[in-house]
Amino acid sequence: MVYSATSYEYGTYYLLSRGFHLALGIMAFGITSRVRYTAWRVLTPGVYAVVLLGLVLVLIPGIGTESGGARSWLYFGFFSLQPSEFAKLATILLLGCAVSSVRPGSGPRAIARPLGAVGLLLVLVLLEPDFGTAFIIAAGAAGVLWASELRTGALLRAGGYTTALLAGMMLLEPYRRDRIVSFLDPWSVAQGSGYQVTQSVMAISSGGVFGVGVGSGQENFTVPEAHTDMVYSLIGKELGLIGMLAVILGLAYIAFWGYRLAISAPSVMGRCVSAGIATMFAAQVVFNIGANMAILPLTGITLPFVSYGGSSLLVCFASAGILHRIAKDGQRVGIPARRGARRRTRKRNQRALLPDTLQRRSG
């Protein structure tokens, strides 16, 4: 779909670039799926430090590169990195490690330092400004805390304060207020702030059930950022309702698998990290697709595994690798335990039958 969105104007450039991103993503999956998830207790401080340094560097003029009104990228010759994407995974790992070492029933004060560290990441991302990524970071953190053993009432209050803060930050910038207006009535500002949304809705509606075919609609496709934030509108036009549902089901399965893994994880850390990653995926899918269909405001959130972006794809594959490793380690822990339980049950049954056997023999 990225190639379909860009081939008319750029030829095979984005296709080759996307292939390179895919190769790096598969490597990231291979690496994270081979690291025991408990090893992230040692690795996470280093990951956090690197991400924090990257978020500071992008704010320095001459080092960070501005695009689309946000200073979010670091360029290294032929490739670029977006540190805010890696901040999403760093947040989940940091909080996942922190909550696994506190006593059940503790309040948020027990993890005050990790929460402060996450708050610092949020502030730096908002300074870029990148409100969409900041929201996903907060959603991933909420997923971790929801699965933890901290007091529910305190978590709900903290979540309410954070939501109010993010809502206030959203209304401070004029362009964010314009997005709210365009969300409430995009057709009234169809030639202004609502142009992207209205064009997306028309593209999706023109696809019908089966779509116009891959590559058939690119000449008349007028949705800005069709290869990144608005790629779902291109899917709707070229693949129709069938393609849209296939994408939703595929991404929903990944999120469902993450939540299911959180329920059966072998430890508190595994449960919290799984829930955080699943919530991160789910929030991105809901807000990207909702924005493309004018159900939710535009926030600049990418569609996991689909939208163009090397950093986003790396984080998606690395996160999937961590989920895979948690599931694998859980199986290794669970199978011997079940076998041991069966052996103990057999022994208890044998001991229970022994007196009757001896009685029959003596009779």
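The values are calculated or read from the model by the stated rules, or taken from the named source; none is laboratory data. A quick note: this is a predicted structure, and the numbers were derived from the prediction, not measured. Positions of Cβ are backbone-derived with ideal geometry, glycine not excepted, and every protein chain shown enters the neighbour counts. Keep in mind that these areas ignore ligands, DNA and RNA; they rest on the heavy atoms of the full protein, side chains included. Shrake-Rupley method; radii C 1.70, N 1.55, O 1.52, S 1.80 Å.
Per-structure values
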{"item": "Gly213 vs. criteria touching a Pro at 6+ places or on another chain (Cβ under 9 Å) and at pLDDT below 90", "result": "no"}
{"item": "Among the candidates Ile301, Ile326, residue that is among the aliphatic types (A, V, I, L, M), more than 22 Å from Arg34 (Cα to Cα) and in contact with a Gly (Cβ under 9 Å, 6 or more places away or on another chain)", "result": "Ile301"}
{"item": "Positions within segment 97-110 being crowded, with 19+ Cβ neighbours inside 10 Å and either within 20 Å of the chain's Cα centre (by Cα) or at positive phi (or both), in sequence order", "result": "Cys97, Ala98, Val99"}
{"item": "Where Leu122 falls short, out of the listed (1) free of Cβ contacts under 8 Å to residues at least 24 places away in the same chain; (2) within 20 Å of the chain's Cα centre (by Cα); (3) surrounded by fewer than 21 Cβ atoms within 10 Å (Cβ to Cβ)", "result": "(3)"}
{"item": "Residue satisfying condition, being more than 15 Å from the chain's Cα centre (by Cα) and surrounded by fewer than 21 Cβ atoms within 10 Å (Cβ to Cβ), within set Gly270, Gly236, Gly290", "result": "Gly290"}
{"item": "Selected residue [open to solvent by 40 Å² or more (accessible area, probe 1.4 Å) and in contact with a Cys (Cβ under 6 Å, 6 or more places away or on another chain)] from Arg41, Arg113, Arg36", "result": "Arg41"}
{"item": "Leu59 surrounded by 13 or more Cβ atoms within 10 Å (Cβ to Cβ), farther than 20 Å from His324 by Cα and in contact (Cβ under 8 Å) with a residue 60 or more places away in the chain", "result": "yes"}
{"item": "When residues of segment 15-65 are limited to those that are aromatic (Phe, Trp, Tyr) and closer than 15 Å to Ser312 by Cα, the one modelled with the lowest pLDDT", "result": "Phe20"}
{"item": "Failed item in (1) surrounded by fewer than 23 Cβ atoms within 10 Å (Cβ to Cβ); (2) at negative phi, with Val231 passing the rest", "result": "(1)"}
